[in-house]
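See below for the structure under consideration.
The values are calculated or read from the model by the stated rules, or taken from the named source; none is laboratory data. Source: prediction; values computed, not measured. Ideal geometry is used to build each Cβ from the backbone, glycine not excepted, and the neighbour counts take in all protein chains shown. Calculation scope for accessible area: heavy atoms of the full protein, side chains included, ligands and nucleic acids excluded. Shrake-Rupley method; radii C 1.70, N 1.55, O 1.52, S 1.80 Å.
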Amino acid sequence: MLRFSTAGESHGESLIAMVSGMPAGVPVVQEFIDHELWRRQQGYGRGGRMRIERDAAHILSGVRHGKTIGSPIAMSLANNDWKNWTEILPVEAGDPEKHKAVASPRPGHADLAGSLKYDFRDARYVLERASARESAARVASGAIAKLLLRALGVEVASHVVRVGKAELDRPATWVEIAALQAKESVLLNCVDEASEARMKAEVDAVLRTGDTIGGVFEVVVHGLPPGVGTHANWDERLDGLLAQAVMSLQAVKAVELGRGVTAAESLGSTVHDAIGYERTDGHTKFSREQNNAGGIEGGISNGEDLIVRGYLKPISTLRRPLGSVSFATREPVKAAYERSDVCVVPAAGVAAEAMVALTVARLVVEKFGGDSLREMQRNYDGYCEQIRAY
């Protein structure tokens with residue numbers, strides 16, 4: 001099974017990413033991984049931390065001579081800000097006078113719930129691990145998964161469809177979405193300039209007031225054949241696994257697959273995708289008039305593009321803090337403030353790409369097997385030939 005895990009704190013020495021279960025022989029391009037990390041750091045409304053960190057993955061194991069070797073892949077991502085935190089967050093006991101306690105929990109963050117759970121009188125330790133900084137390690141892991149999928153002709157990309165009340169007012173094509181990944185600068189990662197300008201105005205408005213703003217991103221998986229995932233068991237359904245993967249990202253509060261939200265208020269005749277035959281492109285000759293299902297039917301990929309949307313709440317750290325309570329005195333105070341962002345919707349989309357890629361890659365490894373990429377490609381090609389001839 002393809003598995004991944006992360007370790008590390010937001011202001012600790014480094015983040016760690018671990019990926020196991022990758023077949024041997026997958027080409028690994030350092031520049032690609034680092035570019036994915038760069039994309040996660042971009043976007044209008046990011047905070048001061050992005051001017052400090054220049055994320056790069058240091059591969060420690062599992063890759064030799066530019067290819068995976070079948071053993072666990074370990075990567076470290078150094079935190080450049082660590083030099084300013086060595087006495088604040090030492091491994092040893094250190095000097096309590098130099099520790100930077102989070103004395104009042106922030107509404108909307110994990111501070112209070114985590115402190116109650118772990119019996120802390122200071123939310124610092126909760127904040128450090130709950131921070132979205134952890135998603136950088138997910139992006140590094142997801143880059144490895146993307147490289148495996150790419151070897152099979154499957155691509156993953158994202159774009160922003162809403163910031164605040166400003167929304168993309170037309171459908172986006174796969175070509176437009178894929179092209180965003182190659183851009184040398186990122187504003188709000190929207191395919192339409194006019195819509196992006198309206199989104200920027202939304203961010204500008206909250207920048208002036210010390211508030212934060214959320215939005216919606218969309219992840220698209222292109223080129224995946226039908227048959228990935230299963231209806232047979234509830235915990236193996238592709239839709240359920242994707243929803244959990246994207247929902248696990250910090251600040252994501254809802255996940256939509258295909259036309260999931262508007263389908264609830266529509267008639268079945270306008271929602272379900274009529275099936276045709278004699279298609280000339282794609283993995284099979286079967287086609288669909290629309291893709292309202294988002295590429296998944298019955299927990300199984302159906303050959304259309306997978307479409308997953310994540311709904312991101314506003315960042316919970318505000319420059320004009322909300323009311324809170326002091327851990328020490330239990331008296332009303334303002335919530336603690338940590339250097340933070342105003343809008344992270346584009347970055348969240350990149351992190352969601354990673355989670356979607358890891359989820360799809362896991363199911364691809366389970367379905368097609370193989371200890372090497374060459375063996376997996378042989379199995380994959382044979383399956384694609386089978387369904388093409390169906």
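Of all residues in the stretch 205-227, those that are under 19 Å from Asn189 (Cβ atoms) have Cβ atoms under 6 Å from Cβ atoms of residues that are among the polar types (S, T, N, Q), 6 or more apart or on another chain, in Phe217/Ser158; Val219/Ser158. Please state which of the following conditions Val203 fails to meet, knowing it meets all the rest: (1) touching a strand residue (DSSP E or B) at 6+ places or on another chain (Cβ under 7 Å); (2) of a type in the set (Val, Ile, Thr); (3) open to solvent by 40 Å² or more (accessible area, probe 1.4 Å). Answer for Val203: the failing condition is (3). Residues in the stretch 316-327 that are part of a strand (DSSP E or B) and polar (S, T, N, Q): Ser324 alone.
Given the stretch 99-188, what helices (runs of 4 or more DSSP H) lie entirely inside it while holding 3 or more residues that are farther than 30 Å from Asn84 by Cβ and open to solvent by less than 10 Å² (accessible area, probe 1.4 Å)? Spell out how you get there, then give the answer.
Details: elements: 111-118, 124-130, 135-151, 174-180.
Qualifying helices (runs of 4 or more DSSP H): 135-151.
Residues checked against (1) buried (at least 17 other Cβ atoms within 10 Å of the Cβ); (2) part of a loop (DSSP other than H, G, I, E, B); (3) not aromatic (Phe, Trp, Tyr):
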site: Val19; (1), (2), (3): yes, no, yes
site: Leu37; (1), (2), (3): yes, no, yes
site: Arg46; (1), (2), (3): yes, yes, yes
site: Arg54; (1), (2), (3): no, yes, yes
site: Ile59; (1), (2), (3): yes, no, yes
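Candidates are the residues of the stretch 1-17 that are in a loop (DSSP other than H, G, I, E, B) and open to solvent by 20 Å² or more (accessible area, probe 1.4 Å); the one that is nearest to Thr359 (Cα to Cα) is Met1.
Among the residues of the stretch 118-140, are any under 30 Å from Thr173 (Cα atoms) and basic (Lys, Arg)? Outline the logic, then answer.
First pass over the stretch 118-140, keeping only residues under 30 Å from Thr173 (Cα atoms): 132, 135-140.
Then drop every residue that is not basic (Lys, Arg), which leaves 138.
Scanning the stretch 118-140 turns up at least one residue that is under 30 Å from Thr173 (Cα atoms) and basic (Lys, Arg).
Quick check on Leu89: is it surrounded by 14 or more Cβ atoms within 10 Å (Cβ to Cβ), in contact with a strand residue (DSSP E or B) (Cβ under 9 Å, 6 or more places away or on another chain) and of a type in the set (A, V, I, L, M, F, W, C)? Judged against the criteria, Leu89 is not a match.
So that you can scan it fast, the table gives a plain yes or no per residue for (1) open to solvent by 60 Å² or more (accessible area, probe 1.4 Å); (2) under 16 Å from the mean Cα position of the chain (by Cα); (3) aromatic (Phe, Trp, Tyr):
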site	(1), (2), (3)
Glu331	yes, no, no
Lys334	yes, no, no
Arg339	yes, no, no
Pro346	no, yes, no
Leu358	no, yes, no
Arg362	yes, yes, no
Gly370	no, no, no
Glu385	yes, no, no
Ala389	yes, no, no
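Take the conditions open to solvent by less than 40 Å² (accessible area, probe 1.4 Å), charged (D, E, K, R), closer than 30 Å to Val163 by Cβ and outside any loop (DSSP other than H, G, I, E, B) and apply them to Glu353. Does it pass? Talk me through it step by step, then tell me what you get.
On the way: open to solvent by less than 40 Å² (accessible area, probe 1.4 Å): yes; charged (D, E, K, R): yes; closer than 30 Å to Val163 by Cβ: yes; outside any loop (DSSP other than H, G, I, E, B): yes.
Criteria met by Glu353.
The number of residues in the stretch 111-168 being hydrophobic (A, V, I, L, M, F, W, C), in contact (Cβ under 8 Å) with a residue 24 or more places away in the chain and more than 26 Å from Ala74 (Cβ to Cβ) comes to 7.
Quick check on the stretch 331-338. Is at least one of its residues without any contact (Cβ under 8 Å) to a residue 40 or more places away in the chain, of a type outside the set (A, V, I, L, M, F, W, C) and not in a loop (DSSP other than H, G, I, E, B)? Yes: the stretch 331-338 contains one or more residues that are without any contact (Cβ under 8 Å) to a residue 40 or more places away in the chain, of a type outside the set (A, V, I, L, M, F, W, C) and not in a loop (DSSP other than H, G, I, E, B).
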